[in-house]
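The values are calculated or read from the model by the stated rules, or taken from the named source; none is laboratory data. In this text the structure is predicted, and so the values were computed from the model without any measurement. Please note: Cβ atoms are built from the backbone with ideal geometry, for glycine as well, and neighbour counts cover all protein chains shown.
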Amino acid sequence: MSSISEWPNEVITHAVRRNLTIFVGAGISASCTNTAGKNPPSWPDLLRKVADQISVDERRTELDTLIENSRLVEAAELLKIDARSRSRDQDMLSAIKALVDGERGNLFTGSKWHEAIVRAEPQVIVTTNYDKILERATFSGYAVHEYTSKTVAADVRRDTPVLLKIHGSVDRIEDIVLSRRDYTDVRSNGAHAMETLHALLLTRPALLLGYRLHDPDIQLILENIFGSRNQTPAHYMLAPSSIPDYERDVLTYSYGVNVIPYPDGDYAEALRLFETLADQVAATPPSPGWA
């Protein structure tokens, strides 16, 4: 059974002080369902299903090969290029919106992961997900900012709970970050939000939940947010124990991210492990002297 002692003291300390920044990835949304019993797709399934819906034909073999080889950033780029070449851009975006957030009138609702996140009471949640599941699960208790926001720093200074959607939202589906090229827009149009996030990560540890190393969202945030910044304190990622040692070394020494392992494929144990941290926070009232 999981216990709070399995968490590094630094994570526990910052969590109970409510200044552990939590990053939420696609794996957390994948745990959700709607009334039809459907789940948001994984990254590979999302790319395949969008390709099906917009009838990718001539380049389908190339796309499938990229996905099979876990080259998902390149696959997303190919999908965008193919859609644009056939004037199916809007169809692609509409498909993504319905697949990640649910069909109109049958949206995805939060899971036990979201209940635990609520109990953990982080002041800042960062998500690379486009869906609005977090907003629904937290009952709109967070000020929501996308990467284009110019006011996120002001909310952070006011200790307003903040949800920062650094890859965009279904609310403005045309601005979502899907591929490496899209991150150019984040750098130019999202400078304020990114600078605020970088400043937070210099003083607060982050905990990454729901990420797989080959998915586009984690690749982009590692390269552009955690990479080559010499950050203090260390950051953490809840991840399967089967991660090869060389990938762990890259995470630790290139990005400052340490792995907190759970048994490979045992997502129930991963949830129990996070719930122990959330329960510890819920049992510890915040102190006005903490910062």
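In the set (1) surrounded by fewer than 15 Cβ atoms within 10 Å (Cβ to Cβ); (2) in contact with a Leu (Cβ under 8 Å, 6 or more places away or on another chain); (3) closer than 26 Å to C32 by Cβ, A268 fails one condition alone, (2). Among the residues of the stretch 255-265, the one identified as buried (at least 16 other Cβ atoms within 10 Å of the Cβ) and among the small types (G, A, S) is G256. In the stretch 97-142, the residue that is surrounded by the fewest Cβ atoms within 10 Å (Cβ to Cβ) out of those that are assigned to a helix (DSSP H, G or I) and among the basic types (K, R) is K112. Within the stretch 32-47, if we keep just the residues that are in contact (Cβ under 8 Å) with a residue 24 or more places away in the chain and part of a helix (DSSP H, G or I), the residue that is nearest to A75 (Cα to Cα) turns out to be L47.
Taking the stretch 149-196 as the search range and keeping residues that are of a type in the set (S, T, N, Q) and more than 22 Å from P122 (Cα to Cα), which one is surrounded by the fewest Cβ atoms within 10 Å (Cβ to Cβ)?
Step one: list which residues in the stretch 149-196 are of a type in the set (S, T, N, Q), which gives 149, 151, 160, 169, 179, 184, 188-189, 196.
After this cut, where a residue has to be more than 22 Å from P122 (Cα to Cα) as well, the list is 179, 184, 188-189.
Working: S179: 19, T184: 11, S188: 8, N189: 14.
Of everything passing the filter in the stretch 149-196, S188 is surrounded by the fewest Cβ atoms within 10 Å (Cβ to Cβ).
Of the residues making up the stretch 219-244, not one is of a type in the set (V, I, T), modelled with pLDDT of 90 or more and crowded, with 20+ Cβ neighbours inside 10 Å.
Quick one: which of D249, D266, D279 is of a type in the set (D, E, K, R) and within 19 Å of G27 (Cβ to Cβ)?
D266
With V73, V50, V56 as the choices, which residue is in a loop (DSSP other than H, G, I, E, B) and of a type outside the set (D, E)?
V56
Scoring I221 on the criteria (1) over 19 Å from A120 (Cβ atoms); (2) more than 19 Å from the chain's Cα centre (by Cα) leaves a single failure, condition (2).
Taking the stretch 251-291 only, how many residues are at pLDDT 90 or above, part of a helix (DSSP H, G or I), within 20 Å of the chain's Cα centre (by Cα) and not basic (K, R)? Matching residues across the stretch 251-291 total 13. Just the residues that are farther than 12 Å from R59 by Cβ and hydroxyl-bearing (S, T, Y), please, taken from the stretch 80-94. Answer for the stretch 80-94, where residues must be farther than 12 Å from R59 by Cβ and hydroxyl-bearing (S, T, Y): S87, S94. Of the numbered criteria (1) free of Cβ contacts under 8 Å to residues at least 24 places away in the same chain; (2) out of contact with any Ser or Thr (no Cβ under 6 Å at 6 or more places or on another chain), the one G256 fails is (1). In summary, E103 fulfils each of the numbered conditions (1) within 26 Å of E223 (Cβ to Cβ); (2) more than 16 Å from the chain's Cα centre (by Cα) with the single exception of condition (1). Each residue in the stretch 162-198 was checked for being touching a residue at least 60 places away in the same chain (Cβ under 8 Å) and either out of contact with any helix residue (DSSP H, G or I) (no Cβ under 9 Å at 6 or more places or on another chain) or among the polar types (S, T, N, Q) (or both), and 1 of them qualify. Taking the stretch 148-171 as the range and being part of a loop (DSSP other than H, G, I, E, B) and under 20 Å from the mean Cα position of the chain (by Cα) as the test, the residues that pass are T148, S149, P161, I166, H167, G168, S169.
Residue by residue, here is whether (1) basic (K, R); (2) touching a Phe, Trp or Tyr at 6+ places or on another chain (Cβ under 9 Å); (3) assigned by TED's automatic domain parsing to the domain that holds A193 holds:
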site	(1), (2), (3)
F23	no, yes, yes
D64	no, no, no
R71	yes, no, no
A95	no, no, no
L99	no, no, no
H114	no, no, yes
